[in-house]
There are 6 protein chains.
Amino acid sequence: MQLSARNQLKGKIVSVDKGAVMANIKIEVTEPNTITAVITKESAEKLGLTEGDDVAAIIKSTEVIIGK
Amino acid sequence: MQLSARNQLKGKIVSVDKGAVMANIKIEVTEPNTITAVITKESAEKLGLTEGDDVAAIIKSTEVIIGK
Amino acid sequence: MQLSARNQLKGKIVSVDKGAVMANIKIEVTEPNTITAVITKESAEKLGLTEGDDVAAIIKSTEVIIGK
Amino acid sequence: MQLSARNQLKGKIVSVDKGAVMANIKIEVTEPNTITAVITKESAEKLGLTEGDDVAAIIKSTEVIIGK
Amino acid sequence: MQLSARNQLKGKIVSVDKGAVMANIKIEVTEPNTITAVITKESAEKLGLTEGDDVAAIIKSTEVIIGK
Amino acid sequence: MQLSARNQLKGKIVSVDKGAVMANIKIEVTEPNTITAVITKESAEKLGLTEGDDVAAIIKSTEVIIGK
């Protein structure tokens, strides 16, 4: 099955921490990646985003799905 | 300002594609990373996630925030 | 109150599992549904999505809001 | 590849509407489903959620990933 | 219908900007609010979050649902 | 660091409730705000959203990032 999600970062699990309902999983990424971000045009312009800019891709941990 | 979001991947913008309301930004990640994923304990157990497993961290592009 | 969220699947709760902060709720959907997905045009084209394709709509459980 | 995302609703694409950056895809679900929702314990208690309750699972269309 | 979503900020629409697939809506909030955020315990501890701290609640615009 | 996330509501923490993996944080917003919501054009039209409408901006607590 192919997924529409653009970001699929391959890695190895380094820790698994389970609570009653949720679990916190840490994955060490082992391959270089390109991240796709879709933001408002308004934000792209307010930040003046252009090729070559140094930026950070910020992702809340609850948004990450694990594929195995 | 420090952020609660666990995943902050540093990189360089390689393309900016603007539409009427949204923009698609691609970022080449330039530093190794550890990704934190919070999933249900149920999923962690159904997939049998344990240290050392090869997995993929899957993230939809609309979930990514850019910091510059 | 009408909601902008396109997907509102009617059903019946079959289980409630509470932890300290979060709860896992299972809902048996009782009516047929059409799911709306908004993805990048890039993904739609890479997957070659067209009418009649057999697909799966994949949704992380943390993204679901319950209305009662 | 197995996914940690609990909700995987099988169906058939009924329409594809592409804009400059995003695309709106409608999927007719063809199999009965159980939806898993993770919400705060606080919400589960304020709404008094219990087995047998009639509810709606509400999902914004930008949160849906397509698998094909 | 009551919603499990903890944050429901009342306000008035000040602008509507439509593209081909998406629309950008701005809402002026007219009532004081309390925001509920669910983050990892790990983040709460790394940021040392405690009562009385001055913080910002950061929300990507694609995560907001409108009720009317 | 500037963020692409349009919504950054300033406030003061009023409670911190920690579980095993997740924590529930309440923030009293102390400044007036404008909320940006990106929804489908389809929803904007079905709800007939126009300037001056009284609406609610609905946000699930798992979507909120805290900056300190």
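Taking a point 7 Å from the Cα of residue A:50 along the Cα-to-Cβ direction, the residues of region B:1-41 with backbone N closer than 20 Å to it are B:11-19, B:23-28. Is the protein assembly as shown best put as rounded, prolate or oblate by its Cα gyration tensor, with a ≥ b ≥ c the root eigenvalues, rounded for a/c under 1.5, and otherwise prolate when a/b is larger than b/c, oblate when not? Verdict is rounded for the protein assembly as shown. Per residue, the protein assembly as shown exposes an accessible area of 37 Å² to a 1.4 Å probe, with every protein chain left in place.
Helix content alone sets the calculated 222 nm mean residue ellipticity of the protein assembly as shown: runs of n ≥ 4 DSSP H residues at -39500 (n - 2.57) each, divided across all residues, give -2000 deg cm²/dmol. Working from the Cα coordinates of region C:11-61, the gyration tensor eigenvalues give, after taking √(5λ), semi-axes of 31, 16, 7 Å in decreasing order. Each copy carries a label point for residue D:46 at 7 Å from Cα toward Cβ; from one copy, the others' points are 2.5, 2.7, 2.8, 2.8, 3.8 nm away, ordered from shortest.
Distances between copies of residue C:16, taken at a point 7 Å out from Cα along the Cα→Cβ vector and listed shortest first: 3.0, 3.0, 3.7, 4.3, 4.9 nm. Across the copies of the chain, residue D:28 has label points (7 Å from Cα along Cα→Cβ) spaced 2.5, 4.6, 4.6, 5.0, 5.4 nm apart, shortest distance listed first. A probe of 1.4 angstrom, applied to the heavy atoms of all protein chains, finds residue F:31 with accessible area near 90 square angstrom. With contacts taken as Cα pairs under 8 Å at a separation of at least 6 residues, chain E carries a relative contact order of 24 percent.
Each part reduced to its alpha carbon centroid, region C:17-63 and region A:29-68 end up 22 Å apart.
The values are calculated or read from the model by the stated rules, or taken from the named source; none is laboratory data. Just so it is clear, the model here is predicted, and its values are computed rather than measured. So basically every Cβ, Gly included, is an ideal-geometry build from the backbone, and we count neighbours across all protein chains shown. What goes into the accessible areas is simple: the full protein's heavy atoms, side chains included, and nothing from ligands, DNA or RNA. Shrake-Rupley method; radii C 1.70, N 1.55, O 1.52, S 1.80 Å.
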